[in-house]
Amino acid sequence: MRLTQTLRSLHGNKVGAAIEELHRSENNLAGALLTLSDQQRTDHEIFHVARDIARWSQEHVRRLAEIGHAYGLDLDPEPEDESTLVARVKQKGSELVGRFHEPSLLLLADLRHIHRMAAGVSLDWEVLAQTAQAMQDTDLLAVAEECHPQTLRQMRWANAKVKETAAQVMVTG
């Protein structure tokens, strides 16, 4: 325990920065998934699955805020609320409508974006897990080992939806 506390104080700024970045990225991923869900209300699978897996990122935000205290961080444990997300949906919708004219192309672009976001979050969890192992920080390692598999599932879901949607959009579109 003393070794972990010593290592936390020695490497706290670097690890704290990594936790803070992951907290921000998880919040953004949750927001992107909820935005997609709101935009795809008529596609029941996307609507419900995106909402369900967004909750994982919201829980990750809470867990990172909790573990961040050990590294001197004061992170907001509450993910962005729905009103913030609605504003982002409207802004993003107006931006994308100018670039794409087909709703199916918008969906494909959104799924690709979510896949890339989840891949980045996954890499951040990997870095944090490796760091926790090297520092022998069992608390941080436990959080990484519990959260990372869910991020991988988010990424695989987005990848599967990209494959499914790409064929439909690009061939029949």
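The values are calculated or read from the model by the stated rules, or taken from the named source; none is laboratory data. What you see is a predicted model, and the numbers here were worked out from it, not measured in a lab. Cβ atoms come from the backbone with ideal geometry, glycine included; neighbour counts cover every protein chain shown. Ligands, DNA and RNA are stripped out before the accessible areas are found, and what is left, the full protein with its side chains, is counted by its heavy atoms. Shrake-Rupley method; radii C 1.70, N 1.55, O 1.52, S 1.80 Å.
For segment 98-156, the candidate set comprises residues that are without any contact (Cβ under 8 Å) to a residue 24 or more places away in the chain and basic (Lys, Arg); within that set, the residue that is most open to solvent (accessible area, probe 1.4 Å) is Arg99. If you go through segment 29-84 and keep only what is within 25 Å of Ile19 (Cβ to Cβ) and polar (S, T, N, Q), you end up with Thr35, Ser57, Gln58, Thr84. Contact map, segment 28-49: residues that are without any contact (Cβ under 8 Å) to a residue 12 or more places away in the chain paired with residues that are outside any helix (DSSP H, G or I) and surrounded by fewer than 17 Cβ atoms within 10 Å (Cβ to Cβ), Cβ distance under 9 Å, separation 6+ or inter-chain. Pairs shown: Phe47/Arg41. If you filter segment 1-31 down to residues that are open to solvent by less than 30 Å² (accessible area, probe 1.4 Å) and out of contact with any Leu (no Cβ under 8 Å at 6 or more places or on another chain), you find that the one that is modelled with the lowest pLDDT is Thr4.
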